[in-house]
Amino acid sequence: MLTAETFSRLLFSLDADHEQAGEKYEDLRRTLIRFFEWRGAPFPEEHADEAVNRVARKLGDGVEIQNIRAYCHEVARLVFLETTKSADSRKESLESVQSEPAAADTSEENIEKEVRLACLDDCLLTLPRENAELILEYYRYEERRHGERRQALAKRLGLRRDALANRAQRLREKLQNCVVNCVRRKSAI
């Protein structure tokens, strides 16, 4: 259970200024919710809260964490893996009850996908917050709806639509290079 003391430690680890810590906490929570949404988790807010609670409990146990945001993202990744494993086990038990043949093992593909997603998360953290939000919002919507959303985004940012597209393309290339290098580093380990 999360206590007021452990939550206070979490806030202090985000920033010594109480007001700034609150803002950083809300930003971190929103980022984690998006993390779970991107992956199609059934309850993104609950999973984000679980990840933050686990980190707070670690802090309450006296564990020193150097980069709290990165640590929270890693815990969120583990929470997501736990939810997919439990969903997979429920699916497997349903399949066995229905006497259907099991699906082909794609665990290697899943691992590669998770490595790429973890690298994307790491690379997004290297961008300034406004750039990360821009690129995520730019590519968030379905193909048939993205035009009107991108126009509204350009208007909100005070940009022409082509200027927004150029900025998004530069950010995308930067992210792609970062992800490729990250995957290479993780694959070499």
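Details
- Two-site label geometry, R185 and D15: point separation in nm, points 7 Å out along Cα→Cβ: 2.7 nm
- Relative exposure of F43, F36, judged by other C-beta atoms within 10 Å (fewest first): F43, F36
- Trypsin sites (Lys or Arg not before Pro) restricted to DSSP loop in region 144-174 with at most 13 other C-beta within 10 Å: R144, R145, R160
- Cleavage-rule hits, trypsin sites (Lys or Arg not before Pro), region 20-55, DSSP coil, Cβ neighbours within 10 Å at most 11: none
- Full extension of the chain segment joining K155 with F43 gains 37.2 nm, where the gain is 0.36 nm per residue of separation less the Cα-Cα distance.
- Couplings 3J(HN,Hα) of region 161-173, computed from phi: 4, 5, 5, 4, 4, 5, 4, 5, 5, 5, 5, 4, 5 Hz, in residue order, whole Hz [Karplus 6.51 cos²θ - 1.76 cosθ + 1.60, θ = phi - 60°; x for Gly and Pro].
- Fully extended contour minus Cα-Cα distance, from R172 to L117, at 0.36 nm per residue: 18.4 nm
Values in this text are rule-based calculations from the coordinates and carry no lab data. Small disclaimer: the values here were computed from a predicted structure and weren't measured. Backbone-built Cβ (ideal geometry, glycine too); neighbour counts: all protein chains shown.
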